[in-house]
Amino acid sequence: MKPKNMAPEQPKGFVVQGLAPDLGLPSKACLVEGTPDPSLLVIFGASGDLATRKLIPALYSLHLQGGLPQRFAILGCSRKPWGREQFQEAAGEALRSNSRLDESSWQGFSRLLHHQSISYEDFNPYKKLAEKIAELDSLLGIGGNRIFHLAVPPSLYETIAQMLGQAGLANEGPSRRGWCRIVVEKPFGRDLASAQSLNSTLLGWFGEHQIFRIDHYLAKETVQSILVLRFANEILEPLWSRAHVQHVGILASEDMGVERRAGYYEQAGVLRDMFQNHMLQLLSLVAMEPPALFASDRVRDEKVKVFRSLRYWGEESPENDLILGQYTGGTMQGNPVPGYREEEGVHPQSLTPTFAAMRLFVDNWRWQGVPFYLASGKRMARKLTEISIQFREVPHSMFQGLLGQPVLANRLVLKIHPEEKLVLTFQTKNPGAQLCLRPVTMEFDYYSNYTGPRLDAYEKLLLDCLRGDQMLFWRQDAIEAAWGLMDPILDACESCSDRRRRLFFYPAGTWGPKEAWPLMAKLLPDNPWGRGF
């Protein structure tokens, strides 16, 4: 055991200059410990939107920062009849379109790119894929390590997993060199039955330790810091319970519309698109108990306990527990935008919700009786993701009669996007002879005094895949527990006779339908209706 007065060891591997030498902390902040194993990343859907907008830019950024393995290759697979040079050109154009390309470093990155045309539903191309993987493995000395990233429509997940298994590409262990991992994007099914079917197919060929189910919300810097904030600070953890917390709010509003995803969104809606995954994951981080160790399965065990403790009261009081909405035509940043039903690919009488506000409870010792308010929607006033912890009012205010006004309760806000901050609101005295209280805020910006590189969500998740760290990825039992909560809610929303009457409309560029105000008021304490809602 290291003596307490010894300086902590300097982190190894990928490091940047850090903060707080005056506090006796290390002068370097570790981004990645050690170097990832040599490996091959196979991207299915390499010509698609996800690959060009997210994966290629993230991999290129990691290349610039020295975060990729020393022996590494990217094999793009798509239906395009591309050769290697065409794939390289497409990747270069994708980076140039976002002004991300540094021409001086492009040649080094482009050498990592290879391409293999494939028909996803036919088995023969997977034999050729296996030959290509073996060729690159031998050429680069990768040691058999490979990752398959499914950046394709969800309908192809099971097909590709099965084809990889039948081609022997999912194997690892004594019969095959190196490790093998498969990365699956959300949605993980559209209900409990389809999620179980997907898991059954994946687990038929891959072990659970090989499966990485991505939720990019979990890789946002502020989200990752929630556990540190809670469990590394004695000043906060004793207050984090029903004894001191009035309610918890989780808001994820988007200013964009459905864009080019109408085909998917018409089948999903906001509850499947946001609540079953992103919103419940954020809730679990706020509500979970401290694990005994900061280890992948220990943390995920505690999240599953939260999902299994969730309760929805919708049948008893639907007007208080779930409000659904759909955006109509409006104005965004001074420009007119169409309503959801006018978007390309959307049915003109669609009843698909683009907004939802929900109240849930966590039935356990820590949170019994504390409501959790969740809201998310498209074409709202602005893009904003934050978690608010509303503390209870002081049990007795000696200032009440003196001031003639209520003493506002404390509020802690974890801002996730676009700002990444902690904001604590508390009461102080106004300067002067008369006793007047005023609420003030104390802020901490996560990037204050930080000059090193920043990892976006996909950069962090791809690094974790390379390192085999599943901490920020969904596990099978958690997915099924989350669907177990959402299935009855979805059934009630989609099969009820008054479905049309229960869908409320809101103009694009606002904070959702007015009928949602009783729930939204918990998330936005400053009444947006009073500011020209």
(request) Tell me, please, whether a residue that is in the same structural domain as ASP487 (by TED's automatic domain parsing), surrounded by 22 or more Cβ atoms within 10 Å (Cβ to Cβ), touching a residue at least 12 places away in the same chain (Cβ under 8 Å) and under 25 Å from PHE473 (Cα atoms) can be found in the range 334-356. (result) yes
(request) Just name the residue that is nearest to ALA409 (Cα to Cα) out of those in the range 473-520 that are part of a loop (DSSP other than H, G, I, E, B) and touching a Phe, Trp or Tyr at 6+ places or on another chain (Cβ under 9 Å). (result) TRP511
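A quick yes/no check of all residues on (1) farther than 30 Å from SER448 by Cα; (2) in the same structural domain as PHE72 (by TED's automatic domain parsing); (3) not aliphatic (A, V, I, L, M):
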| residue | (1), (2), (3) |
| --- | --- |
| ASP137 | yes, yes, yes |
| GLY143 | yes, yes, yes |
| ASN171 | yes, yes, yes |
| ALA195 | yes, no, no |
| ASN199 | yes, no, yes |
| LEU203 | yes, no, no |
| PHE206 | yes, no, yes |
| ILE211 | yes, no, no |
(message) Could you check the range 157-185 and list, in sequence order, the residues that are closer than 30 Å to MET279 by Cβ and touching a strand residue (DSSP E or B) at 6+ places or on another chain (Cβ under 7 Å)?
(response) TYR157, ILE160, ALA161, ARG181, ILE182, VAL183, VAL184, GLU185
(message) Quick test of your reading of the structure: ASP469 fulfils all but one of (1) surrounded by 17 or more Cβ atoms within 10 Å (Cβ to Cβ); (2) in a loop (DSSP other than H, G, I, E, B); (3) modelled with pLDDT of 90 or more; (4) not β-branched (Val, Ile, Thr). Name the failing condition by number.
(response) (1)
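Each row is one residue, and each column tells you yes or no for (1) aromatic (Phe, Trp, Tyr); (2) closer than 21 Å to LEU523 by Cβ; (3) at pLDDT below 90.
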{"residue": "PHE391", "(1), (2), (3)": "yes, yes, no"}
{"residue": "ILE416", "(1), (2), (3)": "no, yes, no"}
{"residue": "LEU424", "(1), (2), (3)": "no, yes, no"}
{"residue": "ALA433", "(1), (2), (3)": "no, no, yes"}
{"residue": "TYR447", "(1), (2), (3)": "yes, no, yes"}
{"residue": "THR451", "(1), (2), (3)": "no, no, yes"}
(message) For a quick check of your reading: which helices (runs of 4 or more DSSP H) sit entirely within the range 158-275 and have at least 1 residues that are in contact with a Gly (Cβ under 9 Å, 6 or more places away or on another chain) and surrounded by fewer than 19 Cβ atoms within 10 Å (Cβ to Cβ)?
(response) 192-205, 262-270
(message) Would you confirm whether or not the range 48-66 contains a residue that is in contact with a Phe, Trp or Tyr (Cβ under 6 Å, 6 or more places away or on another chain), modelled with pLDDT of 70 or more, more than 20 Å from ALA219 (Cα to Cα) and surrounded by 15 or more Cβ atoms within 10 Å (Cβ to Cβ)?
(response) no
(request) Can you confirm whether the range 286-300 contains a residue that is of a type in the set (Phe, Trp, Tyr), closer than 28 Å to SER155 by Cβ and assigned by TED's automatic domain parsing to the domain that holds PRO513? (result) no
(message) Just the residues that are in contact with a Phe, Trp or Tyr (Cβ under 9 Å, 6 or more places away or on another chain) and not in a strand (DSSP E or B), please, taken from the range 420-454.
(response) GLU420, LEU435, ARG454
(request) Check off (1) in contact with a strand residue (DSSP E or B) (Cβ under 6 Å, 6 or more places away or on another chain); (2) touching a residue at least 60 places away in the same chain (Cβ under 8 Å); (3) charged (D, E, K, R); (4) in a helix (DSSP H, G or I) for LYS132 and give me the number that stays unchecked. (result) (2)
(request) Give ARG454, ARG475, ARG499 a once-over and let me know the one that is touching a Cys at 6+ places or on another chain (Cβ under 8 Å) and surrounded by 13 or more Cβ atoms within 10 Å (Cβ to Cβ). (result) ARG499
(message) Of the conditions (1) within 25 Å of TRP205 (Cα to Cα); (2) at pLDDT below 95, HIS115 satisfies every one except a single condition; which number is it?
(response) (2)
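Which of the residues spanning the range 106-129 are small (Gly, Ala, Ser) and in contact with a Leu (Cβ under 6 Å, 6 or more places away or on another chain)?
Correct list: empty.
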(request) Go over the candidates ILE226, ILE250, ILE235 one by one and state the one that is among the β-branched types (Val, Ile, Thr), within 29 Å of ARG366 (Cα to Cα), assigned by TED's automatic domain parsing to the domain that holds MET288 and without any contact (Cβ under 8 Å) to a residue 40 or more places away in the chain. (result) ILE235
(message) Within the range 312-330, does at least one residue satisfy the condition of being part of a strand (DSSP E or B) and either among the polar types (S, T, N, Q) or not assigned by TED's automatic domain parsing to the domain that holds ALA409 (or both)?
(response) yes
(request) Among the candidates ASP363, ASP321, ASP301, single out the residue that is among the charged types (D, E, K, R), crowded, with 17+ Cβ neighbours inside 10 Å and in contact with a strand residue (DSSP E or B) (Cβ under 8 Å, 6 or more places away or on another chain). (result) ASP321
(message) Test of understanding: among VAL245, VAL258, which residue is modelled with pLDDT of 95 or more and assigned by TED's automatic domain parsing to the domain that holds PRO371?
(response) VAL245
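The values are calculated or read from the model by the stated rules, or taken from the named source; none is laboratory data. Quantities reported herein were computed from a predicted structural model and do not represent experimental measurements. Backbone-built Cβ (ideal geometry, glycine too); neighbour counts: all protein chains shown.
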